[in-house]
Amino acid sequence: MKLSHLMIAMLAAASAGSAMAADTYNIDPTHTFPSFEADHGGMSFWRGKLNKSKGTITLDRAAKTGSVDLVIDASSIDFGLEAMNAQAKKPELFNVEKFPEISYKSKSFKFNGDQLVEVDGELTLLGVTKPVTLTVDRFKCAVNPRYKREVCGANATAQFKRSDFGMNFGLPAFSPEVKLAIQVEAIKAD
């Protein structure tokens, strides 16, 4: 009986030690801009970005685990052309009045050695949640001399069909494929 209590205590201590090794990082909204490109009737690609985002990332480099909770303000969409921004906010596209936020959540990180290479998560757009895998082609953590704290940054990309989320405007003349790129930097929490 004593041995089983000891085993339970050791497992609990190991779990607590593992949980304590995870660090929390606050997404820096001044250095995080999800962007995308989508077909414009086969003529060109329209590129836009979303200017307001917030959230947290947890990272345990020793255990090679982590999580992402990213929330994006859908009304911050910016094509660099006000007429296009206004069109994108309408119900047939981003429908920002009904769906003011876009989110990406993950609890699955994949590493190659010490390098983060993939994040499996779920994108919620227009109230529809679907799996979207981010490929990470750049990942680095270092102490930022300005903040005097560790900052982690990454560049992540993905591809998905907007029609999977109910954004069917312009189909089939406009391809449903969307390329997503997220530049993200996050500051270690105090």
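Does Leu116 fit the bill of being surrounded by 14 or more Cβ atoms within 10 Å (Cβ to Cβ) and closer than 23 Å to Asp39 by Cα?
It is false that Leu116 is surrounded by 14 or more Cβ atoms within 10 Å (Cβ to Cβ) and closer than 23 Å to Asp39 by Cα.
I'm trying to understand the selection: among the residues of segment 45-74, which are under 20 Å from the mean Cα position of the chain (by Cα), farther than 18 Å from Thr30 by Cβ and among the small types (Gly, Ala, Ser)?
Residues of segment 45-74 under 20 Å from the mean Cα position of the chain (by Cα): 47-61, 64-74.
Applying the additional criterion that residues be farther than 18 Å from Thr30 by Cβ yields 47-48, 58-61, 64-69, 74.
Those that are under 20 Å from the mean Cα position of the chain (by Cα), farther than 18 Å from Thr30 by Cβ and among the small types (Gly, Ala, Ser): Gly48, Gly66, Ser67, Ala74.
A quick yes/no check of all residues on (1) touching a Leu at 6+ places or on another chain (Cβ under 8 Å); (2) modelled with pLDDT of 95 or more; (3) hydroxyl-bearing (Ser, Thr, Tyr):
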residue: Ala14; (1), (2), (3): no, no, no
residue: Ala21; (1), (2), (3): no, no, no
residue: His31; (1), (2), (3): no, yes, no
residue: Glu37; (1), (2), (3): no, yes, no
residue: Ser44; (1), (2), (3): no, no, yes
residue: Thr58; (1), (2), (3): no, yes, yes
residue: Ser67; (1), (2), (3): no, yes, yes
residue: Ser75; (1), (2), (3): no, yes, yes
residue: Asp78; (1), (2), (3): yes, yes, no
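Going by the structure shown, is Pro91 closer than 21 Å to Gly166 by Cα, out of contact with any Lys or Arg (no Cβ under 6 Å at 6 or more places or on another chain) and without any contact (Cβ under 8 Å) to a residue 12 or more places away in the chain? Write out each step before concluding.
Values: closer than 21 Å to Gly166 by Cα: yes; out of contact with any Lys or Arg (no Cβ under 6 Å at 6 or more places or on another chain): yes; without any contact (Cβ under 8 Å) to a residue 12 or more places away in the chain: yes.
Taking the combined requirement at face value, the residue satisfies it.
Is segment 104-115 home to any residue that is under 19 Å from Ala156 (Cα atoms), at pLDDT 95 or above, touching a helix residue (DSSP H, G or I) at 6+ places or on another chain (Cβ under 7 Å) and not in a helix (DSSP H, G or I)?
Checked against the condition, which is being under 19 Å from Ala156 (Cα atoms), at pLDDT 95 or above, touching a helix residue (DSSP H, G or I) at 6+ places or on another chain (Cβ under 7 Å) and not in a helix (DSSP H, G or I), segment 104-115 yields no hits at all.
Results for (1) more than 16 Å from the chain's Cα centre (by Cα); (2) closer than 27 Å to Ala63 by Cβ; (3) surrounded by fewer than 15 Cβ atoms within 10 Å (Cβ to Cβ), shown as yes or no for each residue.
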position	(1), (2), (3)
Leu125	no, no, no
Val136	no, yes, no
Val143	yes, yes, yes
Arg149	yes, yes, yes
Cys152	no, yes, no
Lys161	yes, no, yes
Pro176	yes, no, no
Leu180	no, no, no
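So if I check each of Phe99, Phe169, Phe160, which one is of a type outside the set (S, T, N, Q), at pLDDT below 95 and over 20 Å from Asp23 (Cβ atoms)? Before you say what the answer is, go through the steps one by one.
Numbers: Phe99 fails: at pLDDT below 95; Phe160 fails: at pLDDT below 95.
It is Phe169.
The values are calculated or read from the model by the stated rules, or taken from the named source; none is laboratory data. Everything quoted here is computed from the prediction, not taken from an experiment. Cβ sites come from the backbone with ideal geometry, for glycine too, and all protein chains shown count toward neighbours.
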